[in-house]
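Have a look at the structure below, then the notes.
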Amino acid sequence: MRLTKKIADRDTLIIEFEGSVKALSSTIIGSGFRKLTHVVFHRVDPDFNNPNPTEYARDLLEKLGLPEESSAVFLTAVDVVKEHIELQASSPVRILLVASVGLSPGVCIGARGAAEKPATINVLLFIEKALTDNAFVDLAGVISSAKTLALVDLALSGGYNLGRVYATATDAMVIASTIDEVDKELYGGPATHIGSEAAKLVYEAIISAGLKSLGRDERFRNIFGVDIGWIANTASRIYRKAPVPGLSEDRVREEAEAELRRLLKDPNIWALALAARNLDWHGLAGALPELSREEYLSDSQKILADELLGITLALYVNGWRGLFAYYWIDSAKEELDEFKDKPMFMDDVLASLIGAILSRIYDKHLA
């Protein structure tokens, strides 16, 4: 079966099937099991907050001249014309994926996303083979699982106390297949070729879109839990305790940010931060062996690995001078409001990073 891709305007991409397909979808128009002839990807404004998105989608279909009874509509703030993703697998069954990937608002376990923000993950998966209802449901689980794994590997975070992002607030999917009343694929789970290939396509689409769209500052915020500006501002405030004559706090703030951006070109800095971030996620979940969640939240004295990470980072950035500066800040953390809400492992990495950066600034101006 052929699929035709049409660009209706700069905000609308239409996928038209040759004939109709059987589909299972979670879109605001065209949801549930039904026959489809068209799937529409439509971009809305980033501040889109229509109280009745279903009516908005109906109006859109009317303007496009498409039948409501056999059309599904995805809404997103992503540029669906320029930034949609197309991937396919072809052996032994052709599988085609078309997706628009927006990564906000991210949702964590125990928290609800702000659904009015529409940059979301929309996935159309077409299988060129008839499927049983069971296989459709299997594939829905596969898509959700692969999506979550991709978001975890992108290290998206919803804040220190909420953990990893597993979805966006308004994710939607359409799974479509050819129609054949006799020869149907019985299953679509991870053990099947269809399920395995579908998982790979979804994972690759989200990872590639994430790596392309997430800038260094946003990745820093997700992994370190603070903005780059927080590091520079905290370094300048700590500098007040031991100023250098003629060197202003504003100048230290500028140099600290410049030094940090230089360090962030080194993957080893990111590796140590990711180690701390993942340990904090495991601790928050109570999944760190031999350490209960309560012990983690109370910053148990059983744990030395947080300080070992800090020591390693400080020595790597500026040797013994970096290490002594880390000890200086670590011993004063209880007096510093900036560190009071930071978790067990990352607070040592942040203290170490700031100490090492300040030590390099002192080296420069006291040489």
Give me the pairs: first residue in the range 284-309 and over 24 Å from residue 110 (Cβ atoms), second residue at pLDDT below 95 and basic (Lys, Arg), beta-carbon distance under 9 Å, and six or more apart or on different chains, which are they?
-> 290/302
Kindly indicate which of 121, 109, 85 is open to solvent by 40 Å² or more (accessible area, probe 1.4 Å) and under 20 Å from the mean Cα position of the chain (by Cα).
-> 109
All strands (runs of 3 or more DSSP E) inside the range 1-86 with 1 or more residues being of a type in the set (Gly, Ala, Ser) and under 26 Å from residue 180 (Cα atoms) = 12-25, 32-43, 71-76
Working carefully through the options 155, 167, find the one that is under 30 Å from residue 293 (Cα atoms) and assigned to a strand (DSSP E or B).
-> 167
Residue check: is residue 195 outside any loop (DSSP other than H, G, I, E, B), over 30 Å from residue 344 (Cα atoms) and touching a Gly at 6+ places or on another chain (Cβ under 7 Å)?
-> yes
Among the candidates 202, 226, 252, residue that is in a loop (DSSP other than H, G, I, E, B) and not small (Gly, Ala, Ser) | 226
Among (1) open to solvent by 10 Å² or more (accessible area, probe 1.4 Å); (2) modelled with pLDDT under 95, where does residue 204 come up short?
-> (2)
If you check residue 259 against the conditions, is it open to solvent by 30 Å² or more (accessible area, probe 1.4 Å), closer than 30 Å to residue 138 by Cα, in contact (Cβ under 8 Å) with a residue 40 or more places away in the chain and more than 17 Å from the chain's Cα centre (by Cα)?
-> no
Pick from 322, 283: which is touching a Gly at 6+ places or on another chain (Cβ under 7 Å) and surrounded by 13 or more Cβ atoms within 10 Å (Cβ to Cβ)?
-> 322
Search the range 172-188 for residues being touching a helix residue (DSSP H, G or I) at 6+ places or on another chain (Cβ under 8 Å) and surrounded by 18 or more Cβ atoms within 10 Å (Cβ to Cβ), and hand back the single one that is farthest from residue 134 (Cα to Cα).
-> 173
Residue hits (the range 213-241; in contact (Cβ under 8 Å) with a residue 60 or more places away in the chain and open to solvent by less than 40 Å² (accessible area, probe 1.4 Å)) are 214, 222, 223, 224, 225, 226, 231, 234, 235, 238, 239
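The values are calculated or read from the model by the stated rules, or taken from the named source; none is laboratory data. Remember, it's a predicted structure, so these values are computed and weren't measured experimentally. Note that we place each Cβ from the backbone using ideal geometry, even for glycine, and neighbour counts take in every protein chain shown. With ligands, DNA and RNA removed, areas are computed over all heavy atoms of the protein, side chains included. Shrake-Rupley method; radii C 1.70, N 1.55, O 1.52, S 1.80 Å.
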